[in-house]
Ligand SMILES: Nc1ncnc2c1ncn2[C@@H]1O[C@H](COP(=O)(O)OP(=O)(O)O)[C@@H](O)[C@H]1O
Ligand SMILES: [Mg+2]
C-alpha cells in the first residue's frame, strides 16, 4: 500500500544547525502515527517541513504518491492540515469564529456551512459553547477547538503537535479518544507529536522515536524493541 505521506532521507537545517539528519517515515491512509522524543529531538521540525513551513536541504517528501515541494496553501488544498504546538485559539473570538478562521482555504461557500455542521456534530461536548469567547473555555475545551479547526478543511491527514500540552492526564485521554473517534468516523489519518506520553501508544498504528534529529526506533506499539527504547530514553 502506498503511504499518504512519506519522508525519505530528509535533512533540515536552521542556519548551520542540523535539526533533522536523514529522517525516513511514512503515514498510510487512515493511520495514526506517533512521533515521540525528548525536547529538541526535531519532532516539530518534521511536521513543519512536511507542511512546507521550512525548507528541506536534502531528501524527498511524497504526498499522495507524488514527490512534492511542500507549500502550506497547496498542502491544505490537497488535504493536509497542521495544528501547531500550544493551545492556539484566538481568545477573544467565539468558538465558531475560531473555526471560521480556517475557511479561507475553502473555495465553495455552501461547503463552509456543511463543514461547520459536520465539525459541530463531532464535538457534542462543545454544545452551548459555540458562541462563547474561546479564551473563557477550559484548557481541555480549547484543545478540542484547536482540533475542530484543524478538521474544517476535511483533511485526509492532520499533523498534530503536542495536543496534550498543559492538560491534566484525564483530559489528555479525552483528546486521544476524540482523535481515535474522528479517525474511525471520518477516516482521517493523524501524525501526532508528543514528548513522552505512553498513553498515546494506545491509539496509534505505528510509532517513531526521535533523538537528535534521527529516528532511533520505530514499530507498532506492541514492538518490544520500541518499548525498550522509550523506556531507556525517558526512564519511565
Ligand atoms: N527557529 C529555529 N532556529 C534555530 N534552531 C531551531 C529553531 N527551531 C528549532 N530549532 C532547534 O532545532 C532542534 C529541533 O527543534 P524542534 O523540532 O522544535 O524539537 P522538538 O519539537 O522535538 O522539541 C532543537 O535543537 C531546536 O533548538
Ligand atoms: Mg516541538
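The values are calculated or read from the model by the stated rules, or taken from the named source; none is laboratory data. Since the structure is predicted, the reported quantities are computational estimates derived from the model, not experimental observations. Here the Cβ positions follow ideal geometry from the backbone for every residue, glycine too, while neighbour counts run over all protein chains shown.
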Those residues of the range 1-25 which are surrounded by 19 or more Cβ atoms within 10 Å (Cβ to Cβ) and either without any contact (Cβ under 8 Å) to a residue 40 or more places away in the chain or part of a strand (DSSP E or B) (or both) amount to 5, 6, 7, 10, 12, 19, 20, 23, 25
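Taking the stated definitions as given, is residue 118 surrounded by fewer than 17 Cβ atoms within 10 Å (Cβ to Cβ) and modelled with pLDDT under 95? Step through it out loud before you land on a result.
Working: surrounded by fewer than 17 Cβ atoms within 10 Å (Cβ to Cβ): yes; modelled with pLDDT under 95: yes.
Taking the combined requirement at face value, the residue satisfies it.
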Residues that are free of Cβ contacts under 8 Å to residues at least 60 places away in the same chain and away from ligand 1 (no atom under 16 Å from the Cβ): does the range 207-217 have at least one? no
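If you go through the range 44-76, how many residues are in a helix (DSSP H, G or I) and in contact with a helix residue (DSSP H, G or I) (Cβ under 7 Å, 6 or more places away or on another chain)? Spell out the reasoning first.
Applying the first criterion (in a helix (DSSP H, G or I)) to the range 44-76 yields 44-51, 72-76.
Applying the additional criterion that residues be in contact with a helix residue (DSSP H, G or I) (Cβ under 7 Å, 6 or more places away or on another chain) yields 51, 72, 75-76.
Total satisfying the criteria: 4.
Consider residue 90 carefully, then state whether it is farther than 28 Å from residue 42 by Cβ and either away from ligand 1 (no atom under 16 Å from the Cβ) or surrounded by fewer than 19 Cβ atoms within 10 Å (Cβ to Cβ) (or both).
On the way: farther than 28 Å from residue 42 by Cβ: yes; either away from ligand 1 (no atom under 16 Å from the Cβ) or surrounded by fewer than 19 Cβ atoms within 10 Å (Cβ to Cβ) (or both): yes.
Answer is yes for this residue.
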Looking at (1) under 23 Å from residue 117 (Cα atoms); (2) touching a strand residue (DSSP E or B) at 6+ places or on another chain (Cβ under 9 Å); (3) within 16 Å of ligand 2 (Cβ to nearest atom), which one does residue 143 not meet, given that it meets all the others? (2)
If you go through the range 215-236, how many residues are within 19 Å of the chain's Cα centre (by Cα) and either on the phi < 0 side of the Ramachandran plot or assigned to a helix (DSSP H, G or I) (or both)? 4
Do the conditions hold for residue 41, that is, is it within 21 Å of residue 163 (Cβ to Cβ), within 16 Å of ligand 2 (Cβ to nearest atom) and not in a loop (DSSP other than H, G, I, E, B)? no
Looking at this structure, is residue 88 within 16 Å of ligand 2 (Cβ to nearest atom), within 23 Å of residue 203 (Cβ to Cβ), within 17 Å of the chain's Cα centre (by Cα) and without any contact (Cβ under 8 Å) to a residue 60 or more places away in the chain? yes
Could you list, in sequence order, the residues of the range 174-198 that are part of a loop (DSSP other than H, G, I, E, B) and within 16 Å of ligand 2 (Cβ to nearest atom)? 195, 196, 197
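Residues are listed down the side, and each one gets a yes or a no for (1) modelled with pLDDT of 95 or more; (2) closer than 24 Å to residue 227 by Cα; (3) within 16 Å of ligand 2 (Cβ to nearest atom):
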| site | (1), (2), (3) |
| --- | --- |
| 13 | yes, no, no |
| 25 | yes, yes, yes |
| 28 | yes, yes, no |
| 34 | yes, yes, yes |
| 45 | yes, yes, yes |
| 51 | yes, no, yes |
| 57 | yes, no, no |
| 61 | yes, no, no |
| 73 | no, no, no |
Among the numbered conditions (1) closer than 28 Å to residue 62 by Cα; (2) in a loop (DSSP other than H, G, I, E, B), tell me where residue 89 comes up short. (1)
Tell me, which residue of the range 155-194 that is farther than 22 Å from residue 53 by Cα and within 16 Å of ligand 1 (Cβ to nearest atom) is surrounded by the fewest Cβ atoms within 10 Å (Cβ to Cβ)? 166
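Of the residues 167, 171, which single one is under 20 Å from residue 124 (Cβ atoms) and assigned to a loop (DSSP other than H, G, I, E, B)?
On the way: 171 fails: assigned to a loop (DSSP other than H, G, I, E, B).
After applying the criteria, what remains is 167.
Within the group 44, 94, 57, which residue is under 15 Å from the mean Cα position of the chain (by Cα) and in contact (Cβ under 8 Å) with a residue 24 or more places away in the chain?
On the way: 94 fails: under 15 Å from the mean Cα position of the chain (by Cα); 57 fails: under 15 Å from the mean Cα position of the chain (by Cα).
Among 44, 94, 57, only 44 is under 15 Å from the mean Cα position of the chain (by Cα) and in contact (Cβ under 8 Å) with a residue 24 or more places away in the chain.
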